[in-house]
1. What number of residues in segment B:26-41 are more than 8 Å from chain A (Cβ to nearest Cβ) and either touching a residue at least 12 places away in the same chain (Cβ under 8 Å) or in contact with a Leu (Cβ under 6 Å, 6 or more places away or on another chain) (or both)?
2. Sort out which residues of segment A:236-289 are assigned to a helix (DSSP H, G or I) and either more than 14 Å from chain B (Cβ to nearest Cβ) or surrounded by fewer than 19 Cβ atoms within 10 Å (Cβ to Cβ) (or both), and write them in order of number.
3. Can you give me the number of residues within segment A:56-81 that are part of a loop (DSSP other than H, G, I, E, B), at pLDDT below 80 and surrounded by 17 or more Cβ atoms within 10 Å (Cβ to Cβ)?
4. Just to be sure, is B:Pro23 surrounded by 20 or more Cβ atoms within 10 Å (Cβ to Cβ), more than 22 Å from A:Asn211 (Cβ to Cβ), at pLDDT below 95 and within 14 Å of chain A (Cβ to nearest Cβ)?
5. Within the bounds of segment B:4-15, is there any residue that is more than 11 Å from the chain's Cα centre (by Cα), surrounded by 14 or more Cβ atoms within 10 Å (Cβ to Cβ) and of a type in the set (Asp, Glu)?
6. Taking segment A:44-55 on its own, how many of its residues are outside any strand (DSSP E or B) and under 23 Å from A:Ala124 (Cβ atoms)?
7. Taking segment B:7-58 on its own, how many of its residues are among the β-branched types (Val, Ile, Thr) and not in a helix (DSSP H, G or I)?
Amino acid sequence: MEAGTLVEWLIEPGDTVKRGDVIAVVETQKGAIEIEIFQTGTVHHLEAELGQKLPVGAPLAMILDEGEKAPAAPKPAPVVVEPKAAPAPPSEEAAAPPPVPPAAPPRPATPALPSGGLAASPAARHRAAEHGIDLTTVKGSGPGGVIQLGDVERIVGTTSEVAAAKPSSPMAEMRKAIAAAMSRANRDIPHLYVSQTIDLKPATEWLEKANRDREPANRLLIGALFVRAGAFAAAKVPVVNGQYHDDGFQPSKTVNAGMAVALRGGGLVAPAIMDTETLTLDETMAAMRDLVTRARAGRLRGSEMSMGTITISALGETGAEAMTGVIFPPQVALVGIGAPKRRPWVVGDAVVPRQTVTVTLSLDHRVGDGRQAARFLTEFENLMQTPEAL
Amino acid sequence: MTPQQIRAAFLEELVKVAPDIDPDTVSDDDHIQDDLELDSMDVLNLVTALHTRFGIDIPESEYTQIATPALATAYLSKAA
């Protein structure tokens with residue numbers, strides 16, 4: 001993401017805000033993104049205007065600390081379009097690790113589907129409400145039929161600056177965003193790849209048993225085990241976990257596991273689950289359900305889009321057996337997981353049929369070497385052999 | 001409920017999970033994963049929605065029995 005169009009303010013001058021609050025919504029090539037604030041204080045004034053197209057890092061508003069007086073001349077405030085590329089807030093040292101994620105909002109145990117089954121961006125909902133438009137009458141043009149601001153604008157019949165700022169369809173814009181990120185990755189990152197095929201029997205058997213007594217709302221998917229194994233392995237092999245910026249690689253103390261979510265109708269986003277290593281398996285599964293639901297409804301947060309420290313991408317239950325993925329910059333590693341396959345497997349001196357999966361780690365060779373990448377896969381494999389510990 | 005009502009209810013929940021699907025274009029034998037491209041998370045969300053709507057807890061081993069509208073209608077009619 002290089003720029004976004006401000007489509008909604010959720011604060012006004014005089015409001016008190018705290019770290020982690022969602023204060024604005026911008027529409028980007030990857031859909032609507034909720035922008036969070038990274039400090040606590042009082043809103044002095046808003047600098048950006050609705051409909052304005054803002055580059056990453058542009059100041060949005062001025063926030064005063066408690067007791068702080070407004071300066072005579074406004075200075076750029078640390079509330080910016082996207083936290084990742086922004087200078088760290090003044091209180092943090094320059095050498096600090098990648099931006100500390102904001103306090104994660106409470107996640108519902110069972111995320112609700114978009115109300116009435118309608119997927120619409122926050123901006124679209126807002127504008128529809130303003131004009132009394134019933135969203136069920138609006139045809140969405142976004143990924144998976146998500147109703148976007150432009151769809152509502154067309155019904156309102158006004159050609160606002162926001163609508164005019166959209167040069168092509170949301171899907172074309174998303175392809176452009178993917179093209180830009182992947183071209184950058186292939187241009188800047190010398191990828192190295194290591195693969196390992198692992199036995200899935202312990203995981204599938206454990207999962208089957210665990211799900212037998214669970215209601216559908218509480219069931220687990222094998223994807224949740226992959227995310228946990230990936231997060232724990234990343235915590236043990238720090239060279240795969242972090243971000244690479246102009247000043248080099250910054251390992252992260254926490255694992256924000258990005259999860260590649262294919263959008264129906266095409267397109268891909270990889271929002272991150274913050275602090276994955278501190279969650280339980282059930283919390284991880286709930287977070288994944290929540291992310292997929294919000295990704296499809298166009299309600300992801302800026303931090304989720306920019307603070308990932310490693311991405312896990314699984315092809316799903318059927319399809320190709322292995323995937324050699326492109327790293328999602330500024331991250332330095334991507335775990336590509338193929339579709340599970342039944343294969344002959346050697347156990348002791350016998351060959352037996354087993355459910356297996358091939359896991360491929362793509363690693364930035366500027367940061368680490370094949371040996372470290374292989375160690376990650378060994379950790380991943382060992383973790384998948386004791387699923388009860390995940 | 002008649003089989004027609006059950007089929008309609010199944011499609012309604014399916015479309016909530018995948019809003020881009022036009023229920024009028026779904027045929028009885030369309031496979032929810034192979035033809036309609038639901039992934040494992042979508043299938044779980046559909047099973048969860050059917051549990052809420054019909055009170056039927058479909059075990060994992062029986063997911064294949066709701067793989068098409070025709071199969072699902074027969075399965076849900078029997079279980080309801």
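The values are calculated or read from the model by the stated rules, or taken from the named source; none is laboratory data. Since this is a predicted model, take the numbers as computed values, not measurements. Positions of Cβ are backbone-derived with ideal geometry, glycine not excepted, and every protein chain shown enters the neighbour counts.
1. Within segment B:26-41, residues that are more than 8 Å from chain A (Cβ to nearest Cβ) and either touching a residue at least 12 places away in the same chain (Cβ under 8 Å) or in contact with a Leu (Cβ under 6 Å, 6 or more places away or on another chain) (or both) number 9.
2. The answer is A:Lys236, A:Pro238, A:Val239, A:Val240, A:Thr276, A:Glu277, A:Thr278, A:Leu281, A:Asp282, A:Glu283.
3. Total meeting the criteria: 3.
4. When the stated conditions are applied, B:Pro23 does not pass them.
5. Looking through segment B:4-15, none of the residues is more than 11 Å from the chain's Cα centre (by Cα), surrounded by 14 or more Cβ atoms within 10 Å (Cβ to Cβ) and of a type in the set (Asp, Glu).
6. Counting residues in segment A:44-55 that are outside any strand (DSSP E or B) and under 23 Å from A:Ala124 (Cβ atoms) gives 5.
7. Selection size over segment B:7-58: 5.
Table: residues versus (1) of a type in the set (Asp, Glu); (2) touching a Pro at 6+ places or on another chain (Cβ under 6 Å).
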| residue | (1), (2) |
| --- | --- |
| B:Pro3 | no, no |
| B:Val15 | no, yes |
| B:Asp20 | yes, no |
| B:Pro23 | no, no |
| B:Ser27 | no, no |
| B:Ile32 | no, no |
| B:Leu38 | no, no |
| B:Val47 | no, yes |
| B:His51 | no, yes |
